[in-house]
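Below: one structure, written as structure tokens.
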Amino acid sequence: MNIVEYPDAEFMAMGLADVIAAQLSAVLRLAERALLVVPGGSTPGPVFDTLCGARLDWGRVDVLPSDERWRPQAHIRSNAGLIAQRLLCERAAEARLIPLYLEEASPEEAAPRLAESVAPHLPIDVALVGMGGDMHTASIFPRMPGIEAALAHDAPTLLPVRIEGEPEPRITLAAHVLRSAMHLHVVITGDDKRAALERARGLDAAEAPIAALLDDATVHWAP
Ligand SMILES: O=C(O)[C@H](O)[C@@H](O)[C@H](O)[C@H](O)COP(=O)(O)O
């Protein structure tokens with residue numbers, strides 16, 4: 001695991017946006033299209049605000065959420081909604097969003113169909129994921145039902161997730177799909193998450209799902 005420390009969240013947003021834009025540009029010099037995975041939550045917003053102005057051929061970039069809360073895009077909790085508002089604007093308005101939500105279907109029914117729409121775009125070129133204070137990443141939560149399946153090397157691309165106490169079900173990319181990204185970045189802020197990250201390094205991924213990604217990831221941290 002490689003950790004990059006920034007003096008504050010603003011520097012981190014700029015630094016991370018630069019790195020992601022450079023990696024996408026490098027991919028687009030060799031390939032027709034590039035696949036960028038991004039998380040929901042509150043941390044990536046400032047990164048999106050900078051990244052959306054990057055000079056690159058956004059018309060050849062596909063953007064896929066790392067996970068989705070089972071809500072229509074117009075809902076305030078939708079990750080696609082956040083991505084559409086904060087990332088797919090300015091120059092990045094040309095990019096194409098791959099939604100992880102189907103109206104009138106449950107996550108369980110939709111997962112195989114959505115996986116089919118994701119498959120032609122894989123593997124991921126650049127992935128950005130977040131981490132919760134409980135060490136979950138994407139929507140792979142500690143000890144959730146089906147955790148072993150989500151961590152397995154041969155897991156389906158997308159898994160439905162139901163967590164007691166969460167306001168809605170979710171869907172998430174499996175750990176191996178995120179791990180096989182050419183470039184994998186984890187973005188976290190604050191001392192509590194830094195401490196949780198350090199704790200995760202000594203734990204089994206079923207207890208601390210972020211641990212499944214750390215060997216292959218660059219972690220970006222700001223106080
Ligand atoms: O939709 C989501 O909730 C996520 O993709 C999730 O994995 C998120 O990245 C972490 O929970 C961190 O969230 P914060 O950035 O809000 O702390």
>> Can you report the number of residues in the range 79-90 which are over 23 Å from Pro209 (Cα atoms) and within 13 Å of the ligand (Cβ to nearest atom)?
In response: 4
> Across the range 192-223, what is the total count of residues that are touching a His at 6+ places or on another chain (Cβ under 7 Å) and either hydroxyl-bearing (Ser, Thr, Tyr) or outside any helix (DSSP H, G or I) (or both)?
Replying inline: 3
>> Can you go through Val47, Val38, Val63 and tell me which one is at pLDDT 95 or above, β-branched (Val, Ile, Thr) and farther than 20 Å from Ile188 by Cα?
In response: Val63
> Among (1) within 30 Å of Gly202 (Cα to Cα); (2) within 16 Å of the ligand (Cβ to nearest atom), which single condition is Leu100 missing?
Replying inline: (1)
>> Condition (residue is aliphatic (A, V, I, L, M) and touching a Ser or Thr at 6+ places or on another chain (Cβ under 7 Å)) applied to the range 197-207: is it met by at least one residue?
In response: no
> Considering the range 158-177 alone, what residues qualify as being modelled with pLDDT under 95 and surrounded by 19 or more Cβ atoms within 10 Å (Cβ to Cβ)?
Replying inline: none
> Looking at the range 128-140, which of the residues that are in a loop (DSSP other than H, G, I, E, B) and near the ligand (Cβ under 9 Å from one of its atoms) is surrounded by the fewest Cβ atoms within 10 Å (Cβ to Cβ)?
Replying inline: Gly133
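Each row is one residue, and each column tells you yes or no for (1) more than 14 Å from the ligand (Cβ to nearest atom); (2) not in a loop (DSSP other than H, G, I, E, B).
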{"residue": "Pro46", "(1), (2)": "no, yes"}
{"residue": "Asp62", "(1), (2)": "yes, yes"}
{"residue": "Glu68", "(1), (2)": "no, yes"}
{"residue": "Arg77", "(1), (2)": "no, no"}
{"residue": "Ala92", "(1), (2)": "yes, yes"}
{"residue": "Glu104", "(1), (2)": "yes, no"}
{"residue": "Ala111", "(1), (2)": "yes, yes"}
> From Ala119, Ala155, Ala149, which residue is within 28 Å of Leu102 (Cα to Cα), buried (at least 16 other Cβ atoms within 10 Å of the Cβ) and away from the ligand (no atom under 14 Å from the Cβ)?
Replying inline: Ala155
> Just wondering, is there one or more residues in the range 71-79 that are of a type in the set (A, V, I, L, M) and surrounded by 23 or more Cβ atoms within 10 Å (Cβ to Cβ)?
Replying inline: no
>> Condition (residue is without any contact (Cβ under 8 Å) to a residue 24 or more places away in the chain, among the aliphatic types (A, V, I, L, M), outside any loop (DSSP other than H, G, I, E, B) and surrounded by fewer than 19 Cβ atoms within 10 Å (Cβ to Cβ)) applied to the range 4-20: is it met by at least one residue?
In response: no
>> As an exercise: evaluate Ala22 against (1) away from the ligand (no atom under 16 Å from the Cβ); (2) within 18 Å of Leu173 (Cβ to Cβ) and give the number of the one condition it does not meet.
In response: (2)
> Does the range 178-191 hold any residues that are surrounded by 15 or more Cβ atoms within 10 Å (Cβ to Cβ) and either assigned to a strand (DSSP E or B) or within 14 Å of the ligand (Cβ to nearest atom) (or both), and which are they?
Replying inline: Leu178, His183, Leu184, His185, Val186, Val187, Ile188, Thr189
>> Take Leu82 and tell me if it is surrounded by 14 or more Cβ atoms within 10 Å (Cβ to Cβ) and part of a helix (DSSP H, G or I).
In response: yes
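The values are calculated or read from the model by the stated rules, or taken from the named source; none is laboratory data. Fair warning: this is a prediction, and the values are worked out from it, not measured in the lab. Ideal geometry is used to build each Cβ from the backbone, glycine not excepted, and the neighbour counts take in all protein chains shown.
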